[in-house]
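The values are calculated or read from the model by the stated rules, or taken from the named source; none is laboratory data. Keep in mind it's a predicted model, so treat the numbers as computed, not measured. Cβ placement follows ideal geometry from the backbone for every residue including glycine, while neighbour counts extend to all protein chains displayed. To get the accessible areas, we keep the full protein, side chains included, count just its heavy atoms, and leave off ligands, DNA and RNA. Shrake-Rupley method; radii C 1.70, N 1.55, O 1.52, S 1.80 Å.
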Amino acid sequence: VRTPWTLASDRSWNLTHRLIGRLWVLFGLLLVVLAVLDLGGGVMAATLVGGIVLTLVGGFAYSYRVWSSDPNRQSLGR
């Protein structure tokens with residue numbers, strides 16, 4: 001997850017990647033359960049797209065929040 005905030009803060013990099021890694025594992029497990037339940041392609045597609053969007057948006061927001069509270073952060077070079 002290469003956001004301006006994760007690149008400017010070691011703390012944001014570490015915590016964001018730890019969170020995103022866990023979310024991807026949970027998302028993968030959810031997809032396995034849905035595949036076993038065989039609810040149809042529409043449900044699987046909607047879950048896939050929704051999960052990717054929520055994970056990415058949540059990861060971006062989380063990386064900014066961690067960066068903004070990091071006293072050792074670097075400026076973004078504006």
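Only residues that are in contact with a helix residue (DSSP H, G or I) (Cβ under 6 Å, 6 or more places away or on another chain) and closer than 23 Å to Val1 by Cα: list them for the range 24-46, please.
Phe27
Scanning the range 11-50 for residues that are closer than 22 Å to Asp70 by Cα and among the β-branched types (Val, Ile, Thr) yields a count of 2. Residues that are hydrophobic (A, V, I, L, M, F, W, C) and either in contact (Cβ under 8 Å) with a residue 24 or more places away in the chain or open to solvent by less than 50 Å² (accessible area, probe 1.4 Å) (or both) number at least 2 in the following helices (runs of 4 or more DSSP H) confined to the chain: 10-37, 41-68.
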